[in-house]
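Notes follow once the structure below has been shown.
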Amino acid sequence: YQHLRPHPPPPHSLPPHPLPTPPGGGLAGGGKRPRDESLDHSSWRRDEQQSSDARICVQPSRSAAGGQLNAKQLNNRISDASGTEELLMLFAAHSTSLDHIHAGNLWNKLGKQNIERRHEEQLEQLVQRTLDLVASCEARNLANVAHGVAKCRLPASVVSSLFAAVAEAAVRSGLDRFNPQNLANTVWAYATAGHYHQALLAECSRVISDSLAQDPSMWSTQDRVQLHQWQLWLSLERGADGQQHLLSQSQRKLCCDAMQGTEVTISRLQRSVAIALASVQSGFEEEYLEPRTGYSLDLALPSTRVAIEVDGPSHFLLPDGQGVRRPNGPTLLKRRLLAAAGWRVISVPFFEWDALSTASERQTYLEMAVAPPQ
């Protein structure tokens with residue numbers, strides 16, 4: 001099902017919008033933005049030219065099949081990998097020759113996959129290897145690592161050290177060469193993971209605020225939506241800690257407007273649930289614009305602050321070996337923020353709804369879902 005919501009999926013590639021360097025240093029962009037967050041051939045060459053660290057890794061490494069892969073070939077294999085198993089096999093076969101570009105690409109790809117408990121030992125090894133490489137990471141590598149790790153939903157005990165290391169590396173750089181997409185991806189990742197790092201957030205808030213004041217047009221709609229979700233996390237979940245990193249009121253409104261202006265497409269799945277819900281309880285509004293957060297709620301009863309979210313496939317990680325799907329990072333972030341804003345959020349997953357074959361079964365399902373909690 002197509003389920004296009006104003007709670008957008010994780011960041012996607014957009015045309016470049018580099019930022020000018022303010023007096024005394026600051027934000028810098030540059031380079032053509034790739035079609036996705038993994039590295040293509042041209043970006044490999046660019047990063048190889050820009051960083052001596054990339055040249056270190058051009059030595060060939062043994063492939064799982066006994067052949068040899070140089071750094072560029074390994075990166076292409078990572079980009080073309082079909083799932084978690086293949087990605088982790090590539091890491092296991094080439095862990096010693098892995099460089100910071102490979103690590104960013106691996107985490108970016110893993111963020112789109114389902115992570116099972118049986119994968120966690122290998123992922124912990126990847127976390128440790130990435131920790132060794134963080135110091136050599138450039139802006140986009142750091143943003144890709146943070147973004148992918150946030151979407152993987154690994155236990156905080158496993159990834160907290162990596163989030164801390166990425167934050168420290170970014171702060172040391174003064175966020176030099178972070179373009180708007182890098183910045184938006186980074187702060188969104190920390191909000192999604194719920195990882196608070198005082199120094200990083202303070203630096204991000206300063207650089208983002210300065211950039212928005214100079215030229216807000218350099219920030220795409222997608223970037224501003226992510227900034228809005230970051231600001232919601234700070235204001236709704238972080239309390240006094242978060243208040244110090246808020247943007248100005250006018251800048252927050254600019255980001256909120258981007259969220260509220262996102263086009264909504266109502267899926268057949270949502271219409272099916274709405275029709276069935278009407279026979280169970282009246283008063284639910286479809287595509288209700290929640291004023292405090294800017295989220296559009298699939299079905300909402302404002303008087304009692306009950307929201308029903310009809311979650312299609314895009315809201316879940318890929319199924320595991322038993323066919324179980326878990327909600328992805330963006331979906332959980334939306335649920336958390338709505339809950340923090342005082343809403344009771346009820347999820348209707350597509351796979352549960354599709355398993356109901358009769359109108360009576362669907363009515364019973366919804367009656368149980370909207371019943372007051374005991």
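The values are calculated or read from the model by the stated rules, or taken from the named source; none is laboratory data. Computed from a predicted structure; not experimentally measured. As a convention, Cβ positions derive from the backbone with ideal geometry for all residues, glycine included, and neighbour counts pool all protein chains shown. Note: accessible area is taken over every heavy atom of the protein model, side chains too, but ligands, DNA and RNA are not part of it. Shrake-Rupley method; radii C 1.70, N 1.55, O 1.52, S 1.80 Å.
Couple of notes before you dig in:
- Residues that are small (Gly, Ala, Ser) and either buried (at least 21 other Cβ atoms within 10 Å of the Cβ) or on the phi > 0 side of the Ramachandran plot (or both) within the range 226-273 comprise 239, 258, listed in sequence order.
- Residue count for the range 242-256, restricted to those that are closer than 22 Å to residue 215 by Cβ, in contact (Cβ under 8 Å) with a residue 12 or more places away in the chain and not hydroxyl-bearing (Ser, Thr, Tyr): 8
Residue-by-condition table, conditions (1) free of Cβ contacts under 8 Å to residues at least 40 places away in the same chain; (2) farther than 23 Å from residue 150 by Cα:
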{"site": "184", "(1), (2)": "no, no"}
{"site": "194", "(1), (2)": "no, no"}
{"site": "221", "(1), (2)": "no, no"}
{"site": "229", "(1), (2)": "no, no"}
{"site": "234", "(1), (2)": "no, no"}
{"site": "240", "(1), (2)": "yes, yes"}
{"site": "277", "(1), (2)": "no, yes"}
{"site": "284", "(1), (2)": "yes, yes"}
{"site": "291", "(1), (2)": "yes, yes"}
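- Qualifying residues in the range 340-355 (those that are open to solvent by less than 30 Å² (accessible area, probe 1.4 Å) and under 19 Å from residue 312 (Cα atoms)) - the one farthest from the chain's Cα centre (by Cα): 353
- Looking across the range 296-325, the residues that are over 15 Å from residue 346 (Cα atoms) and either among the small types (Gly, Ala, Ser) or touching a His at 6+ places or on another chain (Cβ under 8 Å) (or both) come down to 303, 313, 314, 321, 323.
- The residue list 154, 162, 98 contains one member that is at pLDDT below 95 and out of contact with any Phe, Trp or Tyr (no Cβ under 8 Å at 6 or more places or on another chain), which is 154.
- Exactly one residue out of 337, 317 is under 27 Å from residue 187 (Cβ atoms) and either open to solvent by 20 Å² or more (accessible area, probe 1.4 Å) or modelled with pLDDT of 95 or more (or both), and it is 337.
For every residue, the table says whether it meets (1) β-branched (Val, Ile, Thr); (2) under 20 Å from the mean Cα position of the chain (by Cα); (3) modelled with pLDDT of 95 or more.
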{"site": "114", "(1), (2), (3)": "no, yes, no"}
{"site": "136", "(1), (2), (3)": "no, no, no"}
{"site": "140", "(1), (2), (3)": "no, yes, no"}
{"site": "171", "(1), (2), (3)": "yes, no, yes"}
{"site": "183", "(1), (2), (3)": "no, yes, yes"}
{"site": "194", "(1), (2), (3)": "no, yes, no"}
{"site": "210", "(1), (2), (3)": "no, no, yes"}
{"site": "215", "(1), (2), (3)": "no, no, yes"}
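- Residue 235 being hydroxyl-bearing (Ser, Thr, Tyr) and over 20 Å from the mean Cα position of the chain (by Cα): no
- Residue in the range 142-158 that is in contact with a helix residue (DSSP H, G or I) (Cβ under 9 Å, 6 or more places away or on another chain), at positive phi and open to solvent by less than 10 Å² (accessible area, probe 1.4 Å) present: no
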